[in-house]
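Only the coordinates and a few stated rules stand behind these numbers; no lab work does. The structure presented is a predicted model; accordingly, all values stated were derived computationally and were not measured. We place every Cβ from the backbone using ideal geometry, glycine too, and count neighbours over all the protein chains shown.
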């Protein structure tokens, strides 16, 4: 069946849009189709139980490590997955076999596919989308924007001028960010695509290039460089054919002698280049960028009678190859120390490499602890013990459990009484760990509207670690927000300022804040500033982190994990610290023991 499908594909490659529904799907796509069906059912005012069954199934599918396409031939294996019943197993088989779901298609004909895009806007849940459709027959972003500007939404229930203003800003942000993808999502796609490419014999190495390799918080497209015996010029055609027929391709854009370009179903464009080993280093350097770093590097080459391109570093006078196989050889031939990809932004890295003054950047192995995470006490998915065990398994020596305070009602935040009881439970489990890992008692306390903290000083004084964060009233004017945070930091119990600018990558801009003023005062008070490693936040930015170090701030990198799996997001935080030129001594939680850390905290 797959062979026949691929034959059909070969007859269609000249078309601009090649549908791939007949090829197998990955778990993320299956989960998305189930979740979209749930959203459409909610728009349709369907039975809530039925809606929940699709949502539960989507969550279950997304968490599976085994690709469900391998289980679909035996639906009994699907039934072994929690959250998948007989009917849902049948739906998954339909998706795997046909690329779609009959119910979803039926609902899309009743409404419109563009409605799914409306759900990505702030405040536009299924019920709101359904209301706007029913009242105004609006089903796409352009029509929604027109209706909002004309004031038509103001006449509908639960929608007024404030809602309309927020919605218009959300539409503006969505259009600005819709072609960008968070770094963790890009990594996931890169790993899935690479795994499929490796199924072809003779593939040795696959390396993401571009902004993903440099560690930018978002990427616009994905560059993958592939090498191995299968990529040599005389045999590469077969490997190109393999890549052009990967099952997760939505639209095949181009297929050349050694390059394949395509988009995924989420519109992420992927460029795969299959290269001989002899030129792999030059290509990796060139396609990693950044553009300005490469311009500066080429200028340096020209001054030395050399020319640098994606194939090699060449001597101009006789066109002989000076270096090509590795990046290290190229930088060495230009009298430079090797420059890590994260620093290649033309921000002084070439000068430092020439002077042999590049810093020894922090690495994942330098991290000894994590000082911000949540448990089932508030909005986490795991217990204190489970978080501690998972952290110990990852080699950490200490963690701080920092559940939410009461102001964040949606997270079941703790009042003073619960917080004190939580401290006691943390200390009991810490004792039971028998030194395998140290568990510190902490809290993420809300900074309220005027800078007060959400728990009493007496309760906060009992904590080992207090992280203070803003979670509300993001629309305060810049002077008021700055004063609010400064006042909070004056409280002697505050050890760490959590996710200091409040932004969410591609979803929410930072609140207005005089960040320079805040960082200076934090340094004076001894309050550490957090880099929140969650790719959804990545806060502080790399530029703010450099500023924090210049001011002498203590810096902590934390995951803000709400489950054991999210502890692995620390790697994204490390990448941002490296982009900020930070070293291990710049970061608090590289200290070897909990005792050493506590001695360096403000208290």
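A few comments on the model shown:
- Calculated FRET value between residue 127 and residue 516, using beta carbons and R₀ = 41 Å, to 0.05: 0.45
- On a per residue basis, the convex hull of the C-alpha atoms belonging to region 364-600 measures out at 106 Å³.
- The calculated FRET efficiency for the pair residue 103 and residue 365, based on their C-beta separation and a Förster distance of 45 Å, comes to about 0.40.
- Were the residues from residue 304 through residue 110 laid out at 0.36 nm apart, the gain over their Cα-Cα distance would be 63.2 nm.
- Alpha-carbon centroid distance for the pair region 263-281 / region 38-76, whole angstrom: 32
- Counted residue by residue at 0.36 nm each, then reduced by the alpha carbon distance between them, the extension gain from residue 315 to residue 457 reaches 44.2 nm.
- Estimated [θ] at 222 nm from DSSP helical runs (n ≥ 4, -39500 (n - 2.57)) normalised by residues in the chain, nearest 500: -12500 deg cm²/dmol
- Sorted by Cβ neighbour density within 10 Å, fewest at the top, the residues 398, 338, 174: 338, 174, 398
- Pairs of Cα atoms nearer than 8 Å and 6+ residues apart set the relative contact order; for region 364-600 it is 20 percent.
- Region 88-227 - Rg (one decimal) and Dmax (whole number), Cα, Å: 20.3, 64
- Length gained when the stretch residue 168-residue 409 is fully extended (0.36 nm per residue, less Cα-Cα span): 84.0 nm
- Matching the structure-derived volume of the Cα convex hull per residue in Å³ against the labelled list [x] 223; [y] 185; [z] 165 gives the label [y].
- Sequence ranges 190-197, 99-106, ranked by mean other-Cβ count within 10 angstrom, highest first: 190-197, 99-106
- Taking a point 7 Å from the Cα of residue 546 along the Cα-to-Cβ direction, the residues of region 490-526 with backbone N closer than 17 Å to it are 515-516.
- Secondary structure note: in region 364-600, about 10% of the DSSP beta bridges are antiparallel.
- Our summary of shape: the Cα atoms of region 521-592 have principal axis extents of 35, 22, 21 Å, ordered from largest down, in whole angstrom.
- Inter-label distance, residue 161 to residue 62: 3.7 nm, where each label sits 7 Å from its Cα along the C-beta direction.
- Summary value for region 293-400: 15 percent relative contact order, contacts being C-alpha pairs under 8 angstrom separated by 6+ residues.
- In this label model, residue 428 and residue 198 are separated by 4.4 nm, measuring between points 7 Å along each Cα→Cβ vector.
- Inter-label distance, residue 326 to residue 185: 3.7 nm, where each label sits 7 Å from its Cα along the C-beta direction.
- Measuring nothing but how far apart in sequence close Cα pairs (under 8 Å, 6+ apart) lie, relative to its length, the chain scores a relative contact order of 9 percent.
- Each semi-axis of the equivalent ellipsoid for region 201-355 is √(5λ) with λ an eigenvalue of the Cα gyration tensor; in descending order they amount to 29, 19, 11 Å.
- Pairwise FRET efficiency - residue 175 versus residue 146, Cβ, R0 = 22 Å, nearest 0.05: 0.95
- When DSSP beta bridges are restricted to pairs lying wholly in the chain, around 45% turn out antiparallel.
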